[in-house]
Every structure is written in C-alpha cells, then in structure tokens.
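> Take a look at the following structure, please.
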Amino acid sequence: MNPSSYSFSPQLIQALETARSVVVLTGAGISAESGVPTFRGADGLWNDYRVEEIATPEAFARNSEFVWDWYNYRRKLVWECRPNPAHEVVALLEKRYPGFLLVTQNVDGLHRRAGSRKIIEIHGNLFRLRCTRDPDHRHDHPPENSSTTPTCPTCGAPGRPDIVWFGEALDPEDIDRSMEAVTSSDVTLVIGTSGVVYPVASLPMLARRSGARVVLLNLEPTEHVAVAHDFIQGPAGQTMTALARELGLPE
Ligand code: BJW
C-alpha cells in the first residue's frame, strides 16, 4: 500500500488538529523498517536467544563477556541502520505541539538521530555504559569500543550496558514523567509495540482513563487494541507518512 491508501477517522484528525498535548509511545516496530530486528514475532531476537540467558542482571553476573558479546553485535548492527520516515514524522510532531513527549522503549538511539529531543529512553540506550559500582556514572559508549570487558571511565569498575533488564526497576523519575504526560495528553499515539512488557504497557490504559484519544499504529492488532479509539494497521513508515500528510506537516 502507498501512504495515500490509509484512511483516518474525522474524529482522529480533529483530535490531532485541536490537540495541545501529545504523547508518542514507541516500541521496536517503529525501527523495523530501518532494519533493526524486533524482539518478538517471527523474526524477533528472542527466537534465537533465550532472554534469561542475556537480558537479566543474573546473566551478566554469570558471564559478562557473553552478554557484552551479544550487545556489541547489536550495537554494531544498529549503528549501521538509519532512521526511517516514521522516526522523522515523530520528530516533526514534537515541533507542532507545545506539550509533547516521546516515550520510547527502544534502545537503538534512532529517534535522537532523527531529531527528537523531548524524549525519554525508558529502557536505556545501547550506546551508553553504566558503572556496576555507581549507577550515576554513565558514559557515552560508541560502537568502536567493542571490548567485552569495558570499564567505567570515572572509577575503573566494570561497566555494563545502560539498559533496563528484566527484573530491574525502571528509573522512577522516567516513570513519573511518562505517567504525568499521558494523563494530561489530548492524544497518545502508540506505535510498534506488542504491549506485553510492564510497566510501560500500562501507559495506554492510563491515557484512555484520563480522557486522551488513544491511537494504535501497528502491523497487527496487539494487547492495546481494546484500549485504543483508532487502530491504523500497516508499517509505521507508511502509516506515519500518511498521517503527516493528513495534518499538513512538512514533507
Ligand atoms: C511493527 C512493524 C512495523 C513490527 N510497523 N509495527 C506486570 C505484569 C506482568 C509482568 C510484569 C509486570 N510488571 C513487571 C513485570 C515483569 C517484566 C515484564 O513485563 N514481563 C512481561 C514480559 C511478562 N517487567 C520487568 O521486568 C521490568 N521491570 C520491572 O517491572 O521492575 C519491577 C521492579 C521494581 C522495583 C525493584 C525491582 C524491580 C523491566 C522491563 C525491561 C524490558 N527490557 C527489554 C529488554 C532490553 C534488552 C535489550 O534491548 O537488549 O526491553 S525487553 C524488550 O521488550 C525490550 C523492549 O523495549 C521491550 C518491549 O518490546 P517491544 O518494543 O514492544 O517489541 P516487540 O518485539 O515485542 O513488538 C514489536 C511490535 O512491533 C509488534 O507488535 C509488531 O507487530 C510491531 N511491528 N514491524 C509497525 N514496520
């Protein structure tokens, strides 16, 4: 389908035209057209690896070199990808609305590379290193640095990826800001997430209960379909381009 084949309800367009406050919540699906693998589904990363072997603090404690190997592989893969039109439209929405927040679960950094600045990377970032001794020591960690035993540049303790693993708490400030933003939003767009990972998966329901219009953009119906006012089915690069045209955003 090309972008002109998607249709949007008049209520959705009106809501977006009159909104002052918009939240965009994204997951791995928004980066799929950039070539970044998603987690679940047919070609998902979790089909090839067992999550408990890699994305947990226990796995890192058991075998940090194995975990770093996997992250270095992904860091290199993602670095070679580029933002796609869906990331670019999200960056344009930030300029259009006085109240705007992007909450992304993605650790790939592609939203920033597309120009988004009002952003919470709620599950972390592949290109940052966190100290295992003092979590306030965080450092840029470019892909050229592919050591399997990197150390904290501040204190020399072992470094770990600055990623929120299963069983780890998300930053409470990030959660609070995200909850406040969806609660006061006029429209919340939920793009390319399966909606199974908590606590982020509860944000669309919170938005709906607080009176926001909730819009789901995904290749397929997800857990959030029951919560959403609108479901726009298709690849995010196309559906977001179509939405941008409908709103008269610059090409
Ligand atoms: C397209 C597309 C295209 C494809 N266009 N669409 C309550 C209930 C049940 C369980 C829990 C609960 N609360 C906590 C839990 C446990 C756990 C959890 O949620 N488990 C569930 C899986 C059952 N949560 C946690 O452990 C969290 N921590 C926590 O709650 O701590 C509590 C605590 C408090 C105090 C002290 C200590 C602890 C942490 C969760 C961290 C998640 N981290 C990960 C992994 C990072 C590893 C890494 O990246 O290396 O983050 S999990 C993984 O899933 C990653 C993602 O951000 C996250 C979400 O995945 P996402 O983005 O939705 O991707 P997919 O692949 O699932 O979906 C892709 C979607 O795109 C699909 O829908 C496609 O259709 C679509 N799509 N192409 C549009 N072109």
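FYI, it's all coordinate maths here, none of it is from the lab. Computed from a prediction, not measured in an experiment: that's the story for all the values here. Cβ sites come from the backbone with ideal geometry, for glycine too, and all protein chains shown count toward neighbours.
> Of the DSSP beta bridges with both residues in the stretch 85-160, give the percent that are antiparallel, rounding to the nearest 5. Spell out each step's value before the answer.
Values: 6 of 9 bridges.
If we restrict to bridges inside the stretch 85-160, about 65 percent are antiparallel.
> Where does each of THR132, THR241 land when they are ranked from fewest to most other beta-carbon atoms within 10 angstrom? Let's see the in-between values first.
Values: THR132 17, THR241 22.
Least crowded to most crowded, the residues run THR132, THR241.
> Mind listing the phi-derived Karplus ³J(HN,Hα) values for the stretch 106-120, rounded to whole Hz, using 6.51, -1.76 and 1.60 with θ = phi - 60°, and x for any glycine or proline?
Karplus-based 3J(HN,Hα) across the stretch 106-120 equals 6, 9, 7, x, 6, 4, 4, 5, 8, x, 5, 10, 8, 9, 10 Hz.
> Ok, one more. Applying a 10 Å radius around every beta-carbon, put 45-58, 157-170 in order of their mean neighbour count, most first.
Working: 45-58: 14.1, 157-170: 16.9.
Listed from highest to lowest mean packing, they are 157-170, 45-58.
> With a 10 Å Cβ neighbour count serving as the proxy for reagent exposure, in which order, fewest first, do MET179, MET240 appear? Each step should come with its number before you reach the end.
Working: MET179 17, MET240 30.
Ranking MET179, MET240 by Cβ neighbours within 10 Å, fewest first, gives MET179, MET240.
> Just how far, in whole angstrom, is the stretch 21-91 from the stretch 109-177 if you go by their alpha carbon centroids?
14
> Considering only DSSP beta bridges with both partners in the chain, what is the antiparallel share in %, to the nearest 5?
Details: 9 of 32 bridges.
Bridges in the chain are about 30 percent antiparallel.
> Assigning unit charges at the beta carbon (Lys, Arg +1; Asp, Glu -1) and nothing else, what dipole magnitude in debye, to the nearest 20, does the chain show about its Cα centre?
Details: 24 positive and 31 negative charges, 83 e Å.
Roughly 400 debye, rounded to the nearest 20.
> Evaluate the relative contact order of the chain (contact order divided by residue number), counting alpha-carbon pairs under 8 angstrom at least 6 apart; express in whole percent.
Details: 461 pairs, mean separation 61.3, N = 251.
Relative contact order for the chain comes out at 24 percent.
> Here's another thing I want to ask about it. Given the -39500 (n - 2.57) contribution per DSSP H run of 4+ residues, what per-residue ellipticity at 222 nm results for the chain, rounded to the nearest 500 deg cm²/dmol? Walk me through the numbers on the way to the answer.
On the way: 10 runs with 85 residues, N = 251.
After summing the helix terms and dividing by residue count, I get -9500 deg cm²/dmol.
> Let me ask something additional. For a protection proxy built on the mean count of beta-carbon atoms within 10 angstrom, sort 91-98, 61-68 highest first, please.
Working: 91-98: 16.5, 61-68: 15.0.
My ranking of the peptides, most packed first, is 91-98, 61-68.
> No other cysteine beta carbon under 4.7 Å away is the test; run it over the chain and list who passes.
Those would be CYS81, CYS155, since no other cysteine Cβ in the chain comes under 4.7 Å of theirs.
> Could you go through the stretch 43-58 in sequence order and give the Karplus-derived ³J(HN,Hα) for each residue, using 6.51 cos²θ - 1.76 cosθ + 1.60 with θ = phi - 60°, rounded to whole Hz, and x for Gly and Pro?
9, x, 4, 6, 6, 9, 10, 8, 4, 6, 8, 10, 9, 9, x, 5
> At R0 = 25 Å, how high is the FRET efficiency between ASN47 and ALA226 if r is their beta carbon distance? Nearest 0.05 is fine. Walk me through the numbers before you get to the answer.
Values: r = 26 Å, r/R0 = 1.06.
The pair ASN47/ALA226 has a calculated efficiency of 0.40.
> How long is the stretch 96-251 along each principal axis, judged by its Cα atoms, biggest number first, in Å?
Between the extreme Cα coordinates on each principal axis of the stretch 96-251 lie 51, 34, 31 Å.
> Between VAL196 and GLU251, what FRET efficiency follows from the Cβ-Cβ distance if R0 is 35 Å, with the result rounded to 0.05? It would help to have the intermediate numbers written out before the result.
Details: r = 35 Å, r/R0 = 0.99.
E(calc), rounded to 0.05, equals 0.50.
> Further, regarding this structure: Calculated FRET efficiency, GLN11 and ASP69, Cβ-Cβ r, R0 51 Å, to nearest 0.05? Numbers along the way, then the final one.
Details: r = 49 Å, r/R0 = 0.97.
Computed FRET efficiency for GLN11 and ASP69 comes out at 0.55.
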